[in-house]
Amino acid sequence: MVENTLSCFIDEAGDFGGYEAHSPYYIVSVITHEQADSIQAEINGLEKYLASLGYAHHAIHTAPLIRREGDYKYLDIELRKKLFNLLFRFTRKCPLHFFAAQIKKSECADSDILEAKITKEIKAQLEKRVDYWHSFDKIIIYYDNGQKPLKRILNILFNTMFANVEVRKISPVDYKLFQVADLICTLEHIKAKIDIGQFSNSEKEFFSSPHLFKKDYWRKLSAQRM
């Protein structure tokens, strides 16, 4: 009998440091994909397009892409948008779902309170669809171990709530769905900032306006939310 396995890719935006006005939220994105639904054709298509642009076997990091940082420092807006949109279209083509946990850092006096709030929010999201999660023989968590407190939260929560859980440390370049988790974190963070009246110059250059950001990206993901 074939094991019914759910892949779960997790990324975060923000850190466990103190509140900063330019980064007012801590966000965790959780992407799910049922391994029985192959996405190899979609992965091959994305890799082909990336290679044609000179980015073979490249991990797209969306926040630096928007801000023109790191690997993207010298790229013009057209190429940066092309890379972003390739990953976004890949996301929409894939049979996946997601949720995001969002915490206001201004409400957290220290990292212990932040950790407790993150734990509570992720647990609440999992409990909304707990029967779905329990329907799988195995859940595999993919995380890059970027932040030890989040790794601890994930290990405790998933192993407490579900019977057969495996946690794997991964490199972002090897998994397109981890790059999707990064994309979702970025979009969730921008939307959260828009809701409190923040929209940076780099975001304005990239998306033109909050209205177009929500129309062209945010709302199009609604069908894939858990």
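Quick look at the numbers
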| read-out | value |
| --- | --- |
| Members of region 194-226 that are open to solvent by 20 Å² or more (accessible area, probe 1.4 Å), over 27 Å from ARG129 (Cα atoms) and either aliphatic (A, V, I, L, M) or assigned to a helix (DSSP H, G or I) (or both) | ILE194, ILE196, ASN201, SER202, LYS204, GLU205, PRO210, HIS211, LEU212, LYS215, ASP216 |
| Filter result (outside any helix (DSSP H, G or I), of a type in the set (Gly, Ala, Ser) and either touching a helix residue (DSSP H, G or I) at 6+ places or on another chain (Cβ under 7 Å) or open to solvent by less than 80 Å² (accessible area, probe 1.4 Å) (or both)) within region 99-117 | ALA100, ALA101 |
| Condition check for ASP144: under 18 Å from PRO64 (Cβ atoms) and in contact with a helix residue (DSSP H, G or I) (Cβ under 9 Å, 6 or more places away or on another chain) | yes |
| Any hit, region 121-137, residues being farther than 28 Å from ARG219 by Cα, open to solvent by less than 40 Å² (accessible area, probe 1.4 Å) and in contact (Cβ under 8 Å) with a residue 40 or more places away in the chain | yes |
| From LEU86, LEU46, residue being crowded, with 17+ Cβ neighbours inside 10 Å and more than 26 Å from GLY14 (Cα to Cα) | LEU46 |
| Evaluation of THR91 against (1) over 30 Å from GLY18 (Cα atoms); (2) surrounded by fewer than 19 Cβ atoms within 10 Å (Cβ to Cβ); (3) touching a residue at least 12 places away in the same chain (Cβ under 8 Å); (4) of a type outside the set (Gly, Ala, Ser) (one fails), failing number | (2) |
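Quick grid of which residues meet (1) closer than 18 Å to PHE99 by Cβ; (2) assigned to a strand (DSSP E or B); (3) at pLDDT 95 or above:
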position: GLU127; (1), (2), (3): yes, no, yes
position: GLY146; (1), (2), (3): no, no, no
position: PRO149; (1), (2), (3): no, no, no
position: ASN159; (1), (2), (3): no, no, yes
position: LEU177; (1), (2), (3): yes, no, yes
position: ALA181; (1), (2), (3): yes, no, yes
position: THR186; (1), (2), (3): yes, no, yes
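Here is a yes/no grid of residues against (1) buried (at least 16 other Cβ atoms within 10 Å of the Cβ); (2) of a type in the set (Lys, Arg):
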residue	(1), (2)
ALA51	no, no
HIS57	no, no
ILE60	yes, no
LEU65	yes, no
GLU69	no, no
ASP76	no, no
ARG80	yes, yes
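The values are calculated or read from the model by the stated rules, or taken from the named source; none is laboratory data. Note that the structure is predicted; figures quoted are calculated from it, not measured. Heads up, the Cβs are rebuilt from the backbone with ideal geometry, glycines too, and the neighbour counts pull from every protein chain shown. Just so you know, the surface numbers come from the protein's heavy atoms only, side chains and all, with ligands and any DNA or RNA stripped out. Shrake-Rupley method; radii C 1.70, N 1.55, O 1.52, S 1.80 Å.
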